[in-house]
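Only one structure is covered here, and it is reproduced in the block below.
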Amino acid sequence: MRLSTEPLSIGPNLAGRDSANRAAEPVSPNEPPLPGLGHGIKPLGQIRDSYIVATDEEGLLLVDQHVAHERILFEQFRDSRLARATNIQPLLIPATLDLSPAETESLAIIQDELESVGIETMQLSGRTIAIKTTPSGLASSDAIALIREVLGVVERERRSFSLEHIRDEIAASLACKAAIKVNMPLTHEKMEWLIEELFKTQNPMTCPHGRPIIMRMGLRDIERGFKRPV
Ligand SMILES: [Zn+2]
């Protein structure tokens, strides 16, 4: 089985949908609504160490392992910001980065937010800052990339940004960097854990940046594909 550019041609219902779209779909009697999804899912294996193949009563599911983990971490980071304060690692050699004058101004806006996720920064001299701590597991190069990304958001939304949105951006950026990657073999237990945790999230169908997490091929698509009389 290969996942290339053709998956959508297998059947219109295979495409992952976000919950909003799904809720708007007419629900047929044989297909449980979204809350039923996630029940009794059994992972079978991976495609190219990137996509989990799973089944449930209703058919076949493909789960993008990176965005699935991203969704799980995003909600954890967003919802329990202070609880993470225990998982902070001091950097023995602080990572430094040079900011533009505008970025230096923007940093003041996001500094507290960064700190609440475990990224503590300190002004060294002029416009050079040092990263003193990171959440454990986050490489300092990723912390630098995260700071630059979030500064970019503040820059772009100078007049209209909200702290709430900045928090979400930080949580999403952190989640992306900390999530398991594609091309990574997973044990059966890890796949089970991932699917279980995914369905505890508020929105298991869509990643924080709006990409689908699950593609589904329902029983009806399968029967149609095999030209079974219905
Ligand atoms: Zn990502």
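Please state the shape class of segment 138-202: rounded when a/c is under 1.5, otherwise prolate if a/b exceeds b/c and oblate if not, all from the C-alpha gyration tensor.
Judged from the Cα gyration tensor, segment 138-202 comes out oblate (a/c at least 1.5, b/c at or above a/b).
Which peptide among 170-180, 131-141, 91-101 comes first, and what is the full order, when sorted by highest mean count of other Cβ atoms within 10 Å?
170-180, 131-141, 91-101
Straight-line reach from Lys190: which aspartates and glutamates have Cα under 20 Å away, leaving out those fewer than 8 places along the same chain?
Of all the aspartates and glutamates, those that pass the test against Lys190 - Cα under 20 Å, at least 8 places apart if same chain - are Asp49, Asp56, Asp64, Glu70, Glu75.
Give the peptides 219-225, 74-80 in descending order of average Cβ contacts within 10 Å, highest first.
74-80, 219-225
Local charge sum around Ala179 (other residues, Cβ-Cβ under 9 Å, Lys/Arg +1, Asp/Glu -1)?
+2
For Ile222, put the label point 7 Å out on the Cα→Cβ axis and report which residues of segment 49-75 keep their amide N under 18 Å from it.
Correct set: 52-63.
Mind jotting down the distance between the C-alpha centroids of segment 109-162 and segment 179-230, whole Å?
So the separation of the two Cα centres works out to 33 Å.
Past 32 Å, Cα to Cα: identify those pairs from Lys177/Lys200; Lys177/Lys227; Lys132/Lys181; Lys42/Lys181; Lys42/Lys177, in the order given.
Lys177/Lys227
No lab work stands behind these numbers, since they all come straight from the coordinates. Small disclaimer: the values here were computed from a predicted structure and weren't measured. Here the Cβ is made from the backbone with ideal geometry for all residues, glycine too, and neighbour counts use every protein chain on show.
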